[in-house]
Amino acid sequence: MKSKFQPDENGYFGQYGGAFIPELLYPNVKELEDNYIQIIESEEFQTEYKSLLKDYVGRPTPLYLAKRLSEKYGAHIYLKREDLNHTGAHKVNNTVGQILIAQKLGKTKIIAETGAGQHGVATATVCALMGLECTVFMGEKDIVRQAPNVARMKMLGAKVVPATSGSKTLKDATNEAIRYWIQHPDTFYLIGSVVGPHPHPDMVARLQAVISEEMKWQLKEKTGKENPDTIIACVGGGSNAAGAFYHYMDDEEVELIAVEAAGLGVNSGESAATSQLGEVGIIHGSKTILMQDEYGQIEEPYSISAGLDYPGVGPLHAFLYESGRAKFMNATDKEALAAAYELTKIEGIIPALETAHALAVLPKMDLKKDQVVVINLSGRGDKDLDIYSKYLEE
Amino acid sequence: MNSIQKLFQKKDQNLLSIYFTCGFPELNDTTKVISELEKHGVDFIEVGLPYSDPLADGPTIQESSQKALENGINLDLIFDQLMTIKATNKTPLVLMGYLNQMLKYGEDKFCQKVVDCGIDTLIIPDLPMVEFENHYQQLFDKYGLTNVFLITPNTEEERIRKIDSYTKAFIYVVASSSITGAKGEISNQQIDYFDRIKAMNLKSKLIIGFGISDKQTFHTACKYANGAIIGSAFIKNVAKNGVDKIDAFITPIIS
């Protein structure tokens, strides 16, 4: 039976999704739509993808029982160590898969958007690996706050193009990437999250699904059961959460928690908690929940974390939210910073600022002694050291 | 018969359309721009609804939209402005905006307001054909509105034929696979594409847009279609010279 969390033939998850694209993009999107499932399910793709994930990315990533964190919160807390992937985050699962798809479609020029720079780095990395030309669009504001990743992308041979319109963050970088794609239909848009027109959200979710696929057998080994009680992941566009939830979405007994960035506070006017502040709307070719004003103008979100600073959310997540299948929580800048320091001090792991938002909901939860919780540790915090150091000084 | 069909009955060659951004350069310039364009012989006018994230537009139109939004323009104000010239304006107006604007305003409320302003033709570049077929065709029919589809050099013949069958105003022929912006010339490749479309003998009238900027590109485009739309070049002109010198831009093009 087909899961209700799979998109229908027009790319809808419930009322969310679709492909709201200008005619200029239709041939590109159609080409991908006609081929992506067949490519992903082919033996040839699976062999190459799995081999690269194992030998190049370093998968499977460990599922680590964080003992001191567990003691502190009175539950069994496991960390899915996506931070240990090559390039330091879950993003590379997707870029390895998409670069293989791009090659099968005969594309040689790759473009991408990036927020925190993790997807940009992961894209530049696979382009270097395959010898393909890479252009990454990044908000001017993010170029400043995530400088180490800009340097990495450049060293990897990518061209980094600043997005100077609007809020100069992830939303605008995505706009610029889509614009460039319209002007250069021969390029492959290697999108970084479960956003954009169908089939991009579904394709990226399928490529990130390796996270929950591994969680199943790892939990079985460690706890005797494939299912945890709870999975927690941060959500900007939502790719790491989609990957961590994917194989559990139909299993109602597994509680799914998506954590959004509340910025200075959900109702402060400086927030990126889309599910709390948004309404149905269209962004980047997809109908989803969107932060917008009364006239449908897209609002500029705010979060200290460049990867969560996005006014929409992937259509799958909008559906998980609306259907009640996932619980949406949020964490402020301060709560995330405190959670990052806590994990670093008691477990010796410096998480990415994005990931820190997922950790930050632990004190707000009513955890039970035997509860098995998996937190998707989506990325490492090297790129955020400047922000972390400033916080320490304050 | 809609306003564009009526226009085509009177004239079906060398039609000049101008795109402008409402509320730009100043908040209350909308009606002034329309009346100037009408006065100086523009055949129909594309009324641009400023949007925060105009994916199908180039930097010139995006910047003008951003400025207009900063000026305080919004849909209610635009409808009010359009109502004030409804009685005097005789030039067909085509409303161009993004789907999210209509969605958030309320689809029925939006359509009713458009009709109240005496407008019957819409261009919504991010409204895909499948959504049109599944929902919007019925909605627009209910209000006597019609939607303009775009075709590009990469649109397949079968799809163009389908668009032709849905078209009640004109087909918007995108001059190149690029977003709007004054390019200054028409290439041989573009001419091959125009020839190909012309040879298809479509029932619909064709209007070429994107990259049309001056007399030369306008007249070249008119050899292959019923007319052409100028957008970015006009916006640049009013940004620089204001709304009092519109005739200096228009007159040389149609002379």
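Of the residues that sit in the stretch A:1-32 and are crowded, with 16+ Cβ neighbours inside 10 Å and hydroxyl-bearing (S, T, Y), which one is nearest to the other protein chains (Cβ to nearest Cβ)?
Only one residue tops the list, namely A:Y26.
Mind listing just one residue for me: the one in the stretch A:155-166 that is facing another protein chain (nearest Cβ under 10 Å) and of a type in the set (G, A, S) and, of those, nearest to A:A128 (Cα to Cα)?
A:S165
So is A:D142 within 10 Å of chain B (Cβ to nearest Cβ) and on the phi < 0 side of the Ramachandran plot or not?
no
Any idea which of B:K104, B:K109 is surrounded by 18 or more Cβ atoms within 10 Å (Cβ to Cβ), basic (K, R) and out of contact with any Cys (no Cβ under 7 Å at 6 or more places or on another chain)?
B:K104
Being polar (S, T, N, Q) and part of a helix (DSSP H, G or I) is the filter here; which residues of the stretch A:19-44 pass it?
A:N28, A:N35, A:Q38
Please specify each residue of the stretch A:33-59 satisfying the condition of being of a type in the set (D, E, K, R) and away from chain B (no Cβ under 12 Å).
Of everything in the stretch A:33-59, those that are of a type in the set (D, E, K, R) and away from chain B (no Cβ under 12 Å) turn out to be A:D34, A:E41, A:E43, A:E44, A:E48, A:K50, A:K54, A:D55, A:R59.
If A:N94 passes every condition in (1) polar (S, T, N, Q); (2) closer than 29 Å to B:D57 by Cα; (3) part of a helix (DSSP H, G or I) but one, which one does it miss?
Among (1) polar (S, T, N, Q); (2) closer than 29 Å to B:D57 by Cα; (3) part of a helix (DSSP H, G or I), the lone unmet condition for A:N94 is (2).
Considering every residue within the stretch A:282-301, establish whether at least one is assigned to a loop (DSSP other than H, G, I, E, B) and among the polar types (S, T, N, Q).
Among the residues of the stretch A:282-301, at least one is assigned to a loop (DSSP other than H, G, I, E, B) and among the polar types (S, T, N, Q), which makes the answer yes.
Return a yes/no flag: does the stretch A:363-386 have any residue that is of a type in the set (S, T, Y) and without any contact (Cβ under 8 Å) to a residue 60 or more places away in the chain.
For the stretch A:363-386, residues of a type in the set (S, T, Y) and without any contact (Cβ under 8 Å) to a residue 60 or more places away in the chain: absent.
Looking only at residues in the stretch B:16-53 that are within 12 Å of B:I73 (Cβ to Cβ) and polar (S, T, N, Q), which one is nearest to the other protein chains (Cβ to nearest Cβ)?
Once the filter is applied, the top-ranked residue is B:S52.
Do you know which residues across the stretch A:53-83 are in contact (Cβ under 8 Å) with a residue 60 or more places away in the chain, more than 30 Å from A:D366 (Cβ to Cβ) and either under 17 Å from the mean Cα position of the chain (by Cα) or part of a helix (DSSP H, G or I) (or both)?
A:L53, A:Y56
Pick from A:I282, A:I375: which is away from chain B (no Cβ under 14 Å), among the aliphatic types (A, V, I, L, M) and crowded, with 24+ Cβ neighbours inside 10 Å?
Going through A:I282, A:I375 in turn, just one is away from chain B (no Cβ under 14 Å), among the aliphatic types (A, V, I, L, M) and crowded, with 24+ Cβ neighbours inside 10 Å: A:I375.
Which of the residues belonging to the stretch A:153-180 are part of a helix (DSSP H, G or I) and without any contact (Cβ under 8 Å) to a residue 60 or more places away in the chain?
A:M153, A:K154, A:M155, A:D172, A:R179
Is it the case that A:G307 is closer than 13 Å to A:G238 by Cβ and modelled with pLDDT under 95?
Taking the combined requirement at face value, the residue satisfies it.
I'd like to verify a number: residues in the stretch B:151-161 that are in a helix (DSSP H, G or I) and either in contact with a helix residue (DSSP H, G or I) (Cβ under 8 Å, 6 or more places away or on another chain) or on the phi > 0 side of the Ramachandran plot (or both), how many?
So the answer is 2.
Looking at the stretch B:74-114, which of its residues are under 24 Å from A:H284 (Cα atoms), in contact with a strand residue (DSSP E or B) (Cβ under 8 Å, 6 or more places away or on another chain) and of a type in the set (A, V, I, L, M)?
Of everything in the stretch B:74-114, those that are under 24 Å from A:H284 (Cα atoms), in contact with a strand residue (DSSP E or B) (Cβ under 8 Å, 6 or more places away or on another chain) and of a type in the set (A, V, I, L, M) turn out to be B:L95, B:M96, B:L99, B:L103.
Going through B:I179, B:I163 one at a time, which residue ends up being modelled with pLDDT under 95 and either within 14 Å of another protein chain (Cβ to nearest Cβ) or over 19 Å from the mean Cα position of the chain (by Cα) (or both)?
Going through B:I179, B:I163 in turn, the sole match is B:I179.
I'd like the full set of residues that are aliphatic (A, V, I, L, M) and part of a helix (DSSP H, G or I), limited to the stretch A:109-152.
If the condition is that a residue be aliphatic (A, V, I, L, M) and part of a helix (DSSP H, G or I), then A:V121, A:A122, A:A124, A:V126, A:A128, A:L129, A:M130, A:I143, A:V144, A:A147, A:V150, A:A151 are the ones that fit.
Report whether or not A:S268 is away from every other protein chain (no Cβ under 12 Å), over 30 Å from A:K216 (Cα atoms), hydroxyl-bearing (S, T, Y) and not in a strand (DSSP E or B).
The answer is yes for A:S268.
Kindly indicate the residue of the stretch A:182-197 that is at the interface with chain B (Cβ under 10 Å from one of its Cβ atoms) and part of a loop (DSSP other than H, G, I, E, B) and also surrounded by the fewest Cβ atoms within 10 Å (Cβ to Cβ) among those meeting that condition.
A:D186
Which residue, of B:Q81, B:Q62, is more than 10 Å from chain A (Cβ to nearest Cβ), crowded, with 21+ Cβ neighbours inside 10 Å and among the polar types (S, T, N, Q)?
Exactly one residue qualifies, and that residue is B:Q81.
Considering A:D366, A:D386, A:D382, which residue is surrounded by fewer than 17 Cβ atoms within 10 Å (Cβ to Cβ) and out of contact with any helix residue (DSSP H, G or I) (no Cβ under 9 Å at 6 or more places or on another chain)?
Matching residue, one of A:D366, A:D386, A:D382: A:D366.
On the basis of being in contact with a helix residue (DSSP H, G or I) (Cβ under 8 Å, 6 or more places away or on another chain), in the same structural domain as A:Y302 (by TED's automatic domain parsing), farther than 30 Å from A:T108 by Cβ and not in a loop (DSSP other than H, G, I, E, B), does A:V259 make the cut?
Answer is yes for this residue.
Would you mind finding the one in A:K287, A:K369 that is more than 30 Å from B:Y51 (Cβ to Cβ) and either within 14 Å of chain B (Cβ to nearest Cβ) or not aliphatic (A, V, I, L, M) (or both)?
A:K369
Of the residues that sit in the stretch B:114-160 and are of a type in the set (V, I, T) and away from every other protein chain (no Cβ under 12 Å), which one is farthest from the chain's Cα centre (by Cα)?
Restricting to residues being of a type in the set (V, I, T) and away from every other protein chain (no Cβ under 12 Å), the top hit is B:V115.
The values are calculated or read from the model by the stated rules, or taken from the named source; none is laboratory data. It should be emphasised that the depicted structure is a prediction, and the values quoted were computed from it without experimental measurement. Neighbour counts are summed over all protein chains in view; Cβ atoms, including those assigned to glycine, are modelled from backbone coordinates with ideal geometry.
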